[in-house]
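Everything below concerns the one structure shown next.
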Amino acid sequence: MRRHLLSAADLDLGDATLILDTAEQIDTALAGREVKKLPTLRGRTVVNLFFEDSTRTRISFELAAKRLSADVINFAAKGSSVSKGESLKDTALTLEAMGADAIVCRHSASGAPHRLAEWVQGSVINAGDGTHEHPTQALLDAYTIRRRLGRLDAVRVTIVGDVLHSRVARSNVVLLDTLGAQVTLVAPPTLLPVGVESWPAEVSYDLDAVLPKADVVMMLRVQQERMNASYFPSVREYSRRYGLDARRMATLPDEAIVMHPGPMNRGMEIAAEVADSVRSTIVEQVSNGLSVRMAVLYLLLGGAHMPDGAVA
Ligand code: NCD
């Protein structure tokens, strides 16, 4: 029986649907309640082990664990013995010796949470590893699409921008395929990874051609901190070809929504008026992240209803 959530590929249709349904049950159970707290994980300990910067994901996991009444420890590499050279393995074993039931890990090295999972007894949740995967982001994105459009099957999702450096894109392509959606990637050729032809997605270089057929447009942040070379001529040129502005947004079908995982480069991949428009689900994605992460923690640590599979 698997204990971890390391990759979107760990989830089959049943697992993924159960997580989304559980998030919905949690939302319904807590709606209108003054005290938004469930006793489910009382006495359990969740450690947030973040080696890379984060605002939303770290706060979201912290709040999710607290709302399930778990004890939460926030570990940031800066200010810890990691700065003295302590290895990931020794750090993990130390946390485990203190009784961590779950470790939520973000790391700049792709594969770090997978290694962690080999060393500890508790559950490991991948909160973003390098350019590799970010499965809970994909789950919250799928949850947001399902809530807004009422379905995932045959939904046409266009993911635009820096696919090369995006763990969000990787996890979304895998999960959306599992859930029956049709994904199109739009990016400059320099920002597409080698081997993208083998992904379950179509590829286009022409944003204007794709938008009129999209139910969902997911804009990706241009990840300049991961770029060691020049991938496009200028910010202006990038925005002109691959940015979503009001003119482009107007070519979308009436019901289509605009997503972005955050943090945004306003004015680069997305215009401020698009980010703040009624089509934008950017703020909803953040609140949905909380319910989805509560569902994941609940199913990994406490829930009895998970069938065989990655998060059982
Ligand atoms: C993403 C990440 O960290 O991978 N952000 C997030 O988790 N909300 C995307 C990004 O950094 O661009």
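Points worth noting:
- The C-beta contact set for the range 51-66 (first residue not assigned by TED's automatic domain parsing to the domain that holds Asn126 and at pLDDT 95 or above, second residue among the acidic types (Asp, Glu) and within 14 Å of the ligand (Cβ to nearest atom), distance under 9 angstrom, 6+ apart or interchain) is empty.
- The set of residues in the range 271-295 being in contact (Cβ under 8 Å) with a residue 12 or more places away in the chain and over 24 Å from Lys66 (Cβ atoms) consists of Ala271, Glu273, Val274, Ala275, Ser277, Arg279, Ser280, Thr281.
- Every listed requirement among (1) at pLDDT below 95; (2) among the aliphatic types (A, V, I, L, M); (3) in contact with a strand residue (DSSP E or B) (Cβ under 7 Å, 6 or more places away or on another chain) is met by Val235 save one, (3).
- Scanning the range 32-59 for residues that are in a loop (DSSP other than H, G, I, E, B), surrounded by fewer than 19 Cβ atoms within 10 Å (Cβ to Cβ) and not hydroxyl-bearing (Ser, Thr, Tyr) gives Gly32, Arg33, Glu34, Val35, Lys36, Lys37, Leu38, Pro39, Arg42, Gly43, Asp53.
- Of everything in the range 10-31 that is among the hydrophobic types (A, V, I, L, M, F, W, C) and more than 13 Å from Ala64 (Cα to Cα), the residue that is most open to solvent (accessible area, probe 1.4 Å) is Leu13.
- Residue among Leu176, Leu211, Leu164 that alone is in contact (Cβ under 8 Å) with a residue 40 or more places away in the chain, part of a helix (DSSP H, G or I) and not assigned by TED's automatic domain parsing to the domain that holds Val47: Leu211
- Looking only at the range 140-161, and only at residues there that are in a helix (DSSP H, G or I) and more than 12 Å from the ligand (Cβ to nearest atom), the one that is most open to solvent (accessible area, probe 1.4 Å): Arg147
- Here is the figure for the range 179-208: residues that are hydrophobic (A, V, I, L, M, F, W, C), more than 27 Å from Arg106 (Cα to Cα) and touching a residue at least 40 places away in the same chain (Cβ under 8 Å) total 1.
- The residue that is most open to solvent (accessible area, probe 1.4 Å), among those in the range 251-267 that are of a type outside the set (A, V, I, L, M) and under 24 Å from His134 (Cα atoms), is Arg266.
- Taking the criterion of being over 16 Å from Leu11 (Cβ atoms), within 10 Å of the ligand (Cβ to nearest atom) and either modelled with pLDDT under 95 or part of a loop (DSSP other than H, G, I, E, B) (or both), the residues of the range 118-139 that qualify are Gly130, Thr131.
- The combined condition, being more than 16 Å from the ligand (Cβ to nearest atom) and within 24 Å of the chain's Cα centre (by Cα), is fulfilled by Glu255.
- Evaluating Ala100 against the criteria (1) open to solvent by less than 40 Å² (accessible area, probe 1.4 Å); (2) assigned by TED's automatic domain parsing to the domain that holds Gln224 leaves one unmet condition, (2).
The values are calculated or read from the model by the stated rules, or taken from the named source; none is laboratory data. Small disclaimer: the values here were computed from a predicted structure and weren't measured. So basically every Cβ, Gly included, is an ideal-geometry build from the backbone, and we count neighbours across all protein chains shown. The accessibility values were calculated without ligands, DNA or RNA, using every heavy atom of the protein model including side chains. Shrake-Rupley method; radii C 1.70, N 1.55, O 1.52, S 1.80 Å.
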